[in-house]
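Undergrad: This structure is in C-alpha cells; I'll ask about it shortly.
The values are calculated or read from the model by the stated rules, or taken from the named source; none is laboratory data. Computed from a predicted structure; not experimentally measured. Reconstructed Cβ throughout: ideal geometry from the backbone, glycine too, with neighbour counts over all protein chains shown. Ligands, DNA and RNA are stripped out before the accessible areas are found, and what is left, the full protein with its side chains, is counted by its heavy atoms. Shrake-Rupley method; radii C 1.70, N 1.55, O 1.52, S 1.80 Å.
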Amino acid sequence: MGSTTITTTPSIGAFWHSTPDDLVAGLDTSLQGLTSAAAQGRLASYGPNLLQARRRTSSFGLLVGQFKSPIILILVGASILSVFLRDTVDAAIILVIVAVSRLLGFWQERGAAGAVEKLLALVQVEADVLRDGKPAAIPVEAVVPGDVALLSAGDIVPGDCLILESNELFTDEATLTGETFPAEKQVAVLPEDTPLAKRTNSLFMGTHVVSGSARALVVRTGTSTEFGRVSESLSKRADQTDFEHGVSHFGYLLLEITLILVLAIFAINVYLHRPVLDSLLFSMALAVGLTPQLLPAIISINLSHGAKRMAEEQVIVKRLAAIENLGSMSVLCSDKTGTMTEGKIRLHAALGLAGNDSERVLFFAYLNAAYETGFHNPIDEAIRTFREFDISALRKLDEVPYDFVRKRLSILVGQGDRHIFISKGTLTDVLQVCSTAESEPAAAAGTQPARPVALPRLEGSAAPVPIETVRAQIETRFAELSGQGYRVLGLAYRDVGPLTDVTRDDERDMTFLGFLVFADPPKADIDQTLLDLKALGVSVKMITGDNPLVAASVGRAIGLPAEQVLTGQDVQRLSDEALRQRVAAVDIFAEIEPNQKERLIIALRKTGAVVGYMGDGINDASALHAADVGISVNTAVDVAKEAADFVLLQQDLAVLARGVREGRRTFANTLKYVYMATSANFGNMFSMAGASLFLPFLPLLPKQILLTNLLTDFPEMTIATDGVDPEMVAFPRRWDIHEIRSFMMVFGLLSSIFDYATFGVLLWLLHANRAEFRTGWFMESVASASLIVLVIRTRRPFFRSAPSRRLLVATLLVVAVAIAIPLTPLGDVLGFTHVPLVFFPALAGILLCYAASAEIAKWLFYHTRKAHAA
C-alpha cells in the first residue's frame, strides 16, 4: 500500500455509494489496513479521534478561570481605578493579595487535575484494527481514516465506516437515528441519496455493535463523522449529580446573602458621607470575605484525593463529581454473575431428555461453542474447556450470532454433504423453535463415552417425538435444576440438507436434544459483603436475566430476601406508578430484559433513593446511564466502560464497599470546608458590617479584609488530608441546604458575639486608636477563624477526634503568622501597628471562651437536629 502522509481529510463524499475497492484506493490504504508508520503520520495530520477536544484544561485556562468571579473582577477594576485616582500603594497591595489567593487556587486545582488524568489513563477504551497486516488493540483516539476495524458484539464503532465483511451484524444507532431497535447491517453499495437511517452498509461513530461481527474500513474520524457534525446539537451537559445540585443551591444561598449585605453596606457608607471609592472597595472586599473563593479548588482537591485513595482500593473514577454520589448511594442494583457469584462458570452436566449424562449432547454443544466467533463469553468457554473433541474432520459453514432478542446462538457445521444446524440458548427460546425432541439420550449414565470423529447419526434408537408430548417433562426437569441454583440452557439441532448459509429464519422445526447445566456458586464472602453494605446503609438488589428459580436460589444462598421475586413479565404489566410502589420492597428481579433494567433504575430513583447500577455487558449501557452511579469493571465490553462513572479493577462488591467509604470521606471533608468557611466568613463579615455603622472609621481596610480571607483559607486547604469520624461514613449523606444555612447562622452569630467582645476590649479597656483597633481585630479574626476549624471539623468533642497533622500544623502556623505580621515592616505597609501586651492575654481568653462556646453550640445544634429528625 502507499505510504504517502495525508495532510488533509480525504475527500470522500457519499462513501456508502462506493465499492470497497474504490474506497480503499481513495483512502490510499489496503484491505489489510495501514502500516504503523502510515497510521502515525495520519494521526499527526488529523489529530486524535475525538468528537471534541479532550477535556484537559490547560494551565493557562485554569489560571484564567481563577479570575472569572464577578466579585473578583469588580474588586480588581476598583483597585485599578484607585491607582489612577490617588492610592497607589493600597491598590497595589489589594491586587497582590488577590493575585496570591488566585494563584493558590490555581496551584491546587492544577495538581488535582494532573492526578486525575493519570488515573483515567488506567481505564482506556480500545479498538481492534489491522496494523501491519495483523490484529492490534489500540486506543480509540488513535484510529485514523484507512484503518480496517475488527468489530464484534459490545464494541464501540471507532469512526464512520464502510462494511467490508459482516455476519449477522446488528448495531444500536439510537444516538443518531433515535431508533430503539437494533439496525441490521450488511455489505452493499447504496444509492448516493440514501438517508442516514437506511445506510445499511455503513457504521457510524457513537454507535455500538449489539450482535454479530464485521470487518469495516474507517472512512471518517472525530468531528468529520456524522456524529461529530451533529454532536453540538445532540450533546447536552451531563445531568447534575446530587452533589453538583447541592453546590449550585449553596452558591445561590451565598449569592443572596452577599448581594444583600454588600448593597446595604455600600449604601450606608455612602449615606454616612464616606468616600464612594473607599466604600466600593470596602464592600467588594466584604463580598470576597464572605464568599468561599477557594470552594472550587477545595472541591477539586478533595475529589482528586478521593480518586487517588479509591484507586488504591481498585476503583478508578471516571467522573469526579460522581464520587460524592457514590457516598450518597442508598441502593445498589447489580447483576448476579461475577458479582455475587464467582463468575467462573463451569459446565456441570450435559443431560439428555431423561436427565442422564449424554455424550451426544456434550458433543453437539462443543461444536456450537468451538465454532462461535460472535464475542467471548464464559458459557462457551466453559463448554470448550469441559471436554475437548477432535473436530478436524468437520468444518464450520455459517453462524447466526447470539443476540438479546432471540437469546440463541446457532452454528452450521458440515462433514461431506451432511449439514447440521445446532442452536443453544435459554430453554424457553430454544423450545420456541423446536417441533420435536430426541426421546432418548445416546449414552446412559455411567457409560464410558466414546470420542466421535464424525457427526452422529440423526436417527437415535427411537424416532424423535412431538415436542408437545414431552414439554411438561422438559419444564419439570428445568425447574428442578434451576431450583438447585444451576443455570440451564437448551440445545437443539436440525438437518438443513444442502444449505451452506443460514439466517435466523432457519431456526425452526428443530429437534430438542437436551440440557446444558452450568454451575456458578456464590462467592465465599459475598454474604458478609452484603452485610457490610447494609451496615453502610446500602441495600443491594439483584437484577438478572436468569429465571426466577435460579435467582431465588442464589438469593437465599447469599442472604437476599427471596420471598418476593419480580419477573420481566411482571415489570411489563405494571404501570410506572405501580412499579415505583413495588421496587423498593423487592430485592430480586429475574428474567429482566435490557430495556427493563433502565425502567427499574428510574423507578427506584423516583422513590428518592440514590441508585447505583453495576453492569459489564452490552445490555447494561442504558441502565448505567440512567443510574446516579454507573459502575463497571475493567474487563467489561467497551460500551459499558464508556457509560460508567466508576470502573472496578476487580469484579468484587467488597471493592465497591471500600469505594463507598472513600466516597463518603470525600463528601464529609468537602462539607467540613463549607461549614468552616461559611460560618467563619459570615461571622466576620457580619461583625464588620455592624462595626462600620457605629465606628467613625472603616473597621478594617479592604487590603486587611483580603489578607484575613487569604490567611484563613490556608488551613482549610489541607482539609482533604483530614481524617473522618466513623459515624460520618456509616450511612449515606446528601446535601442539606437547610442545615448549612442554620449552621452558618448559628456559628456565624456566635463568632460575631466574640468579635464584639474583642471590640469592647479594644475600645473600652485598651482605648485603642484606629490602627490598634484594626490590628487587634485582624489578629482575633484570623486566630478565631483558624482555631475554630479544629472544633467544627467534627461532631465529637474536639479532643476526641484528632485532626490530621497537616491541618493542625497549618492552623497553628497561620495563627503565628497573624500575630507576627504587625511586628514586621510588612505590618506598616498593610496599615497595622503594635498593640499593648495586655491585649494578648485578653485575646487568649476570648479564644478559649469562643472554643468552649462553640463546643456547647455544636452539641446543642446536632442534638436538636437529631431530635427533630426522630
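Undergrad: Scan around SER211 for amide H atoms under 5 Å from its own, H built in the peptide plane at 1.01 Å from N, and keep only partners 5 or more places away or cross-chain.
TA: PHE170
Undergrad: Which percent of Cα pairs goes in each bin when the distances of the stretch 739-870 are cut into 5 angstrom slices starting at zero?
TA: Bin by bin from 0 Å, the calculated values are 2, 10, 18, 20, 18, 14, 9, 6, 2, 1, 0, 0.
Undergrad: For the stretch 811-870, what class follows from the C-alpha gyration tensor (a ≥ b ≥ c being the square roots of its eigenvalues): rounded when a/c is under 1.5, otherwise prolate if a/b is larger than b/c, else oblate?
TA: Since a/c reaches 1.5 and a/b is larger than b/c, the shape of the stretch 811-870 is classed as prolate.
Undergrad: Where does each of 425-438, 751-764 land if you order them by average Cβ count within 10 Å, highest first?
TA: Values: 425-438: 20.6, 751-764: 18.6.
Taking the mean over residues of other Cβ atoms within 10 Å, the ranking is 425-438, 751-764.
Undergrad: Next question, about the same structure. Using the 2.2 N^0.38 Å rule of thumb for compact globular proteins, work out how the stretch 304-439 stacks up: its C-alpha Rg over that value, please.
TA: 1.48
Undergrad: Here's another thing I want to ask about it. Translational diffusion coefficient, Stokes-Einstein: compute it for the stretch 138-178 using the Kirkwood radius over C-alpha pairs as Rh, at 20 °C and 1.002 mPa s, and state it as an integer in µm² s⁻¹.
TA: Numbers: Rh = 11.8 Å.
Answer, rounded: 182 µm²/s.
Undergrad: Please work out the average accessible area per residue across the stretch 734-870, using the 1.4 Å probe convention, and give it in Å².
TA: For the stretch 734-870, the per-residue accessible area is 49 Å².
Undergrad: Can you spot the lysines whose alpha carbon is less than 19 Å from LYS858's alpha carbon? Ignore those fewer than 8 places along the same chain.
TA: Filter leaves LYS672, LYS866.
Undergrad: Per residue of the stretch 546-563, what does 6.51 cos²θ - 1.76 cosθ + 1.60 with θ = phi - 60° give for ³J(HN,Hα)? Whole Hz please, x for Gly and Pro, Karplus curve as stated.
TA: 5, 6, x, 5, 5, 4, 5, 4, 5, x, 4, 5, 9, x, 8, x, 10, 5
Undergrad: A follow-up question, please. Let me check against my output: what whole-number percent is the relative contact order of the stretch 784-870, with C-alpha pairs under 8 Å and at least 6 apart?
TA: 40
Undergrad: Within the set of other residues whose C-beta is less than 14 Å from the C-beta of ALA14, count the net charge using Lys and Arg as +1 and Asp and Glu as -1.
TA: Computed value for this residue: -2.
Undergrad: Apply the Karplus curve 6.51 cos²θ - 1.76 cosθ + 1.60, θ = phi - 60°, to the phi angles in the stretch 497-509 and return the couplings in whole Hz, x for Gly and Pro.
TA: Ordered by residue, 3J(HN,Hα) equals x, x, 4, 10, 9, 10, 10, 5, 5, 7, 7, 7, 6 Hz.
Undergrad: Next up: In whole percent, how big is the carbon plus sulfur part of the accessible area of the stretch 604-756, probe 1.4 Å, protein atoms only?
TA: Looking at the stretch 604-756 in its full context, I get 59 percent from C and S.
Undergrad: If you take all C-alpha pairs in the stretch 729-817, what percent of them are over 20 Å apart? Can you show the working numbers first?
TA: Working: 2066 of 3916 pairs.
Value for the stretch 729-817 (Cα pairs over 20 Å): 53 percent.
Undergrad: Further question: Identify the residues of the stretch 656-691 with backbone N under 20 Å of a label point that sits 7 angstrom from the Cα of ASP527 along the Cα-to-Cβ direction, or state none.
TA: Inside the label zone: 657.
Undergrad: How large is the Kirkwood hydrodynamic radius of the stretch 686-768, in angstrom, based on all distinct alpha carbon pairs? Walk me through the intermediate numbers first.
TA: Details: mean 1/r = 0.0622 Å⁻¹.
So the Kirkwood estimate lands at 16.1 Å.
Undergrad: Taking K and R as +1 and D and E as -1, what net charge do the other residues with C-beta under 13 Å from the C-beta of SER786 add up to?
TA: On the way: positive: ARG793; negative: ASP713, GLU716, GLU780.
Residues near SER786 contribute -2 overall.
Undergrad: Still on this structure: Setting aside same-chain residues fewer than 8 positions from LYS407, which lysines have a Cα under 22 Å from its Cα?
TA: Partners within reach: LYS185, LYS336, LYS344, LYS396, LYS424, LYS597.
Undergrad: On a straight-distance basis, which lysines could pair with LYS318 in a cross-link, Cα separation under 21 angstrom, same-chain partners fewer than 8 positions away excluded?
TA: LYS118, LYS236, LYS308, LYS641
Undergrad: Another question, then. Under 5 Å between amide hydrogens, which residues at least 5 positions from ARG131 or on another chain qualify, with H placed 1.01 Å from N in the peptide plane?
TA: For ARG131, the qualifying residues are ALA136.
Undergrad: So, one more: Bin width 10 Å, origin at 0, all Cα-Cα pairs of the stretch 612-736: what percent of pairs per bin?
TA: Spelled out bin by bin, the stretch 612-736 gives 11, 26, 22, 18, 12, 8, 3, 0 percent.
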